[in-house]
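Student: Please read through the structure below; I'll follow up with questions.
The values are calculated or read from the model by the stated rules, or taken from the named source; none is laboratory data. On a predicted model such as this, the values are computed, not experimentally measured, just so you know. Cβ sites come from the backbone with ideal geometry, for glycine too, and all protein chains shown count toward neighbours. Note: accessible area is taken over every heavy atom of the protein model, side chains too, but ligands, DNA and RNA are not part of it. Shrake-Rupley method; radii C 1.70, N 1.55, O 1.52, S 1.80 Å.
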Amino acid sequence: MNKLSAPILAGAAWIAVSVPALAQAQKSPQPAPDYRVGVLEQRLRDLELQLAEIKAKQTESDSRAAVVDLKRSTSNQYKDLSDRLENRPAVKLDDGRFTIASANGDFSLSLRSLVQFDYGHFAQGRNPASVDLSSGSNFRRAQLGLVGTAWRDWSYNFTYDFGGNGVEKNGYIYYAYVEYDGLKPFAIRAGAMTPFLAIEDATGSGDLQFLERPSSVDIARNIAGAPGREGVEAFVQGDTYLVSLAYTGKKTTDAASFDAQEALVGRASWLAVSQPDVKWLLDGHFTQVLHPADLAANTNASNVFSFSNGTELAVDASKTVNTGNIDANRVTEFGFESAAEYAGFFGQGGWFHYEIDRRTAIPNPHFSGWYAQASYSLTGEQHPYDPANASFRSLRPNHPLGTPGGWGAWEVTGRYSNIDLDYLPFATAANGGVPGGNQNVWNVGVNWYPTNGLRFMVDYYNIHVDHVNAPANDISADAIGIRSQISF
């Protein structure tokens, strides 16, 4: 490097260092920051936060109002729906019986039915030529009815029967009554009914242990009671007692008469022992016919009355014992019954007395009958006591057919029945003799209850009718009776 180059390089270096410094020195000086700007910026941020909070609160308030409105609307809808559900009629189908009831319980209506189809076969002995017992079948009962309550304190029962011995295919009013229950335990009913008479009489047709009631009971109940009897009845009923008095007239199936029969029917029952496994029922009753029906106008002097009954197997309509028409001023009947139950054993029996008060000087005839029956539940069920009728109902299976291990309820039964309609049988009718006959029936059977509403029965009968004054008129027969039954 020569002497000239060194000064040139040194100058260039100085210029390079000095120019940026000079440029920096030539710039205008920056003013100091203003603190008021920061304050304004902070206020702006605070306002934005406050605005956001206000918006959030407004949204929350709107949401709360919406929720309140929704709750109010939902509550109103729930109350309306609840009211509708509470006021909706209750519909049930218990054991096959259709029932509809108002929400307040003031009104109810139930559909009930009982159908009994019977078959009977007679093996007859050396009977007189005039006696030919008929084998065959019939619908012993084919009932359809409406029962229920009205205006809370009233009840009703309208039942029509299209079956029966001798009235099949015709139909007749079985029940048609209204009852006032607002003075419990007192009640009163009026219309066509079965007035309370005795234990076996009050036992429902679907609860009988045998195909028919014993002759002694059947004769007693048909004097002034039995289904379709028109009248009025007052009674007091509790869990262990029943006392009743009825004023009755004709039956709905009676032939036309002038001045209908008038009678009183009374009953008193007491459940003397009432334990879960032990029950004992005592019963007494009476019937007084105050005025037999006139056969026609102005024929009061020709009033008559008669007692009769059949074989206790109703597929045959024959009257195997019969007093015939007897001149009558009044008719009296009374009797006593008792029923007891212990575990699966059940027993029942009764004695009945019948009198006809003539208007003539010849002796007044009197007759009697009795029965005793027993049963044993093979499957352990008991016959439930029914305080409404002071009687016992049929078995209710603990293990119905179709349930695990269920075969329904089974029971074996036996009964002896007697009715004696002989009075001075060796005397002539003019001297007061009534050779009505003396009938004895032995009966054993088996009952099967697959479920509460179904029942099948098989009964064997040994029947003897004696006429001490005319042995040639005696009747003997063996018979088999079978029944299939459905009820609800």
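Student: Contact order normalised by length for segment 216-288, with contacts defined as Cα pairs under 8 Å and 6 or more residues apart; what percent is it?
Tutor: Averaging sequence separation for qualifying contacts and normalising by length gives 26 percent for segment 216-288.
Student: Taking θ as phi - 60°, what are the ³J(HN,Hα) couplings along segment 193-207 by the Karplus curve (6.51, -1.76, 1.60), each to the nearest whole Hz, with x for Gly and Pro?
Tutor: My calculation for segment 193-207 gives 8, 10, x, 4, 10, 7, 5, 5, 5, 7, 5, x, 4, x, 10 Hz in order.
Student: Now a separate question. From the phi angles alone, apply the Karplus equation (6.51, -1.76, 1.60; θ = phi - 60°) to segment 256-261 and give each ³J(HN,Hα) in whole Hz, x where the residue is Gly or Pro.
Tutor: After applying 6.51 cos²θ - 1.76 cosθ + 1.60, I find 4, 9, 9, 6, 5, 4 Hz.
Student: Taking amide H positions as placed in the peptide plane 1.01 Å from N, state which residues far from ASP474 in sequence (5 or more) or on other chains have amide H under 5 Å from it.
Tutor: Those qualifying (amide H under 5 Å, at least 5 residues apart or on another chain) are HIS467.
Student: Mean separation of Cα pairs under 8 Å and 6+ residues apart, divided by the residue count of segment 85-183: what relative contact order is that in percent?
Tutor: That works out to 20 percent.
Student: Here's a follow-up. Tally Lys and Arg at +1 and Asp and Glu at -1 over the other residues with C-beta under 9 Å from the C-beta of ARG213: what net charge comes out?
Tutor: Charge balance in the 9 Å sphere: -4.
Student: To continue, here is another question. Whole-Hz ³J(HN,Hα) for each residue in segment 138-150, computed from phi via Karplus 6.51 cos²θ - 1.76 cosθ + 1.60 with θ = phi - 60°, x for glycine and proline: what do you get?
Tutor: Values per residue, Gly and Pro as x: 7, 8, 4, 9, 9, 9, 9, x, 10, 10, x, 10, 8 Hz.
Student: If amide H atoms are built 1.01 Å from N in the plane of the peptide, which residues on other chains or at least 5 residues away come under 5 Å of the amide H of PHE336?
Tutor: TRP351
Student: Long-range amide H contacts for ARG396: which residues qualify at under 5 Å (H placed 1.01 Å from N, peptide plane, sequence gap of 5 or more or a different chain)?
Tutor: Correct list: GLN382.
Student: Ranked by accessible surface with a 1.4 Å probe, highest first, in what order do TRP351, TRP270 come?
Tutor: Highest to lowest solvent-accessible surface, that is TRP270, TRP351.
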